[in-house]
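*Asks:* Quick one: this structure, given as structure tokens, is what I'll be asking you about.
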Amino acid sequence: MPATEDAPDVDVEHVGHGSRRTRVTRIETTAGDGGRPFVLVAGVGVAATYFEFLAPSLAEHGDVFALDLPGFAGMPRPGDQPTAEFFADRVEEVLDHYGLTDPVIVGHSMGTQVVTEVLVRRPQLRHGVLVSPVINDQESTLPIVAVRFAQSATRETFHLAMTALSAYVLCGFVYFVQVLPHMLKYRLIERLPLVEATLLLIRGEFDATSPRRFHSRLVAASKNARRWEIRGAAHSIINAHAVGAADLIVRHATDSLPPKGRMPAEKAVVPPPPHAGIGVVWSAMRERAAEWWCAARGDEAGVERAKERHARILWEAYTRAGQDPRRGR
């Protein structure tokens, strides 16, 4: 792969000790010099893999730190209760380790609960982003939540379905079941009034797990919040509709985003690689498969190599270094 002056510096490191370790994929670029960093926290059972398209888009504006929390993505399962508070402790360790005093913290699905806890604890943080927040407190029983996730899943892509399935296999059924009750009991509606940061809530048009009325109540409960909807999207906005999500997040971080709105699907969806065709797709799939296989075997060195190569491939494919067609729209 030819090098460019904006080529990313990708490092995979571990923060914490023992079974409380968090794997951090850090993307630094000259394109993002001077911008604020972005910290990305995924949902239950999944990991930084979900941010494979969002991370390079954000890295054009600031350094990106994508987290694999304990128990997910092949990381050791902790002996602690896997509550939002426990995972928030891990995120705070990452912030302190890298000296991140004013990052934009982005959470997806269960990750919105974790991000909310961090924001409650650190009122000095200025901006937070809650993508597809859960759980709707008016529909918080397991059968209803399962139905809502199933409804949303029918709108997701095959690529996303395979990404999620592979992540759940690494997480394991037992640990997933341990996390789930804590996620169901968490009440965003009660915690958001304690957040000082300016919030951005993003939902997909077809996300049954995070309905429009739920967002209305969350915004009403917050001190300062914006709400946006991406048309054509379902629950996993950060993957299939990462272009639109990145645009909203960057504008939110600079306070240039209107308080509410809807983004058309055609402006949000991730396009095919604009200049490299099937070769880039195959290379990215190969590295993602290598990451999964190494994680399943406990080969952390292999995971790190695969993650680093994958991030560089997508950077070349989708950013200005790869002649991104979004520029000049």
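*Asks:* Based on Cα positions only, what radius of gyration and what Dmax would you give for the range 110-160, in angstroms?
*Replies:* 14.2, 40
*Asks:* Continuing with this model, one more query. With only alpha-carbon atoms counted, please give the Rg and Dmax of the range 161-248, in Å.
*Replies:* Rg and Dmax of the range 161-248, Cα atoms, are 15.0, 39 Å.
*Asks:* For R251 and R121, calculate 0.36 nm times their separation in residues minus their Cα-Cα distance, and state this gained length in nm to one decimal.
*Replies:* Working: separation 130, 0.36 × 130 = 46.80 nm, distance 2.44 nm.
Full-extension gain reported as 44.4 nm.
*Asks:* Also: Taking every DSSP beta bridge with both residues inside the chain, roughly what % is antiparallel (nearest 5)? Working shown, then result.
*Replies:* Working: 12 of 40 bridges.
Percent antiparallel among DSSP bridges in the chain is about 30.
*Asks:* Each residue of the range 124-133 in order: what ³J(HN,Hα) in whole Hz does its phi give by Karplus 6.51 cos²θ - 1.76 cosθ + 1.60, θ = phi - 60°, with x for Gly and Pro?
*Replies:* The phi angles translate into 6, 6, 8, 9, x, 10, 10, 9, 6, x Hz.
*Asks:* Any idea what % of Cα-Cα pairs in the chain are farther than 35 Å?
*Replies:* Roughly 12 percent, rounded to a whole number.
*Asks:* If I stretch the segment between A301 and F206 completely, what's the gain in nm (0.36 nm per residue apart, minus their alpha carbon distance), one decimal? Could the numbers behind the result be given before it?
*Replies:* Values: separation 95, 0.36 × 95 = 34.20 nm, distance 3.89 nm.
Additional length available on full extension: 30.3 nm.
*Asks:* Need one value: the accessible area of R20 in square angstrom, 1.4 angstrom probe, rounded to the nearest 10.
*Replies:* Probe radius 1.4 Å; accessible area of R20 about 100 Å².
*Asks:* What ³J(HN,Hα) values, in whole Hz, does the Karplus curve 6.51 cos²θ - 1.76 cosθ + 1.60 give for the range 185-191 when θ = phi - 60°, with x put for Gly and Pro?
*Replies:* Running phi through 6.51 cos²θ - 1.76 cosθ + 1.60 with θ = phi - 60° gives 7, 5, 10, 4, 4, 8, 8 Hz.
*Asks:* For S19 and R262 in one chain, what is 0.36 nm times their gap in residues minus the Cα-Cα distance, to one decimal in nm?
*Replies:* Going from the current span to full extension adds 83.3 nm.
*Asks:* Moving on. For the range 1-155, with all protein chains present and a 1.4 Å probe, just round the carbon and sulfur fraction of the accessible area to a whole percent.
*Replies:* 49
*Asks:* Which lysines, on any chain, are close to K223 with Cα under 25 Å apart, when same-chain ones fewer than 8 places away are left out?
*Replies:* K185, K260
*Asks:* Would you pull out the residues with amide H under 5 Å of R227's amide H, same chain only if 5 or more places away, H placed 1.01 Å from N?
*Replies:* Hits under the 5 Å cutoff: L201, K260, G261.
*Asks:* Also, I was wondering about something else. Over the range 181-254, what percent of the accessible surface lies on carbon and sulfur atoms, probe 1.4 Å?
*Replies:* 49
*Asks:* Also: Give me the compactness ratio for the range 121-217, meaning the Cα radius of gyration over 2.2 N^0.38 Å.
*Replies:* With N residues counted in the range 121-217, Rg over 2.2 N^0.38 Å equals 1.19.
*Asks:* If you roll a 1.4 Å probe over the heavy atoms of the protein chains, what accessible area per residue do you get for the chain, in Å²?
*Replies:* Result: 41 Å² of accessible area for each residue.
*Asks:* Dimensions of the range 225-317 along principal axes (Cα, Å, largest first)?
*Replies:* In descending order, the Cα extents are 45, 29, 24 Å.
*Asks:* Need one number for the range 255-308: average projected area of the convex hull over its C-alpha atoms, nm².
*Replies:* Values: hull surface 26.8 nm².
If I average the Cα hull's projected area over directions, I get 6.7 nm².
*Asks:* Let me ask something else about it. Could you sort 139-152, 64-77 so that the peptide with the highest average Cβ count within 10 Å comes first and the rest follow in order? Mind showing how you got there, number by number?
*Replies:* Working: 139-152: 14.3, 64-77: 24.7.
The most tightly packed comes first, giving 64-77, 139-152.
*Asks:* Would you please calculate the Kirkwood hydrodynamic radius of the range 20-125 over all C-alpha pairs and express it in Å, rounded to one decimal?
*Replies:* Answer for the range 20-125: a Kirkwood hydrodynamic radius of 13.7 Å.
The values are calculated or read from the model by the stated rules, or taken from the named source; none is laboratory data. Computed from a predicted structure; not experimentally measured. Every residue, glycine among them, receives a Cβ derived from its backbone with ideal geometry; neighbour counts consider all protein chains shown. Surface areas here come from the heavy atoms of the whole protein model, side chains and all, with no ligands, DNA or RNA. Shrake-Rupley method; radii C 1.70, N 1.55, O 1.52, S 1.80 Å.
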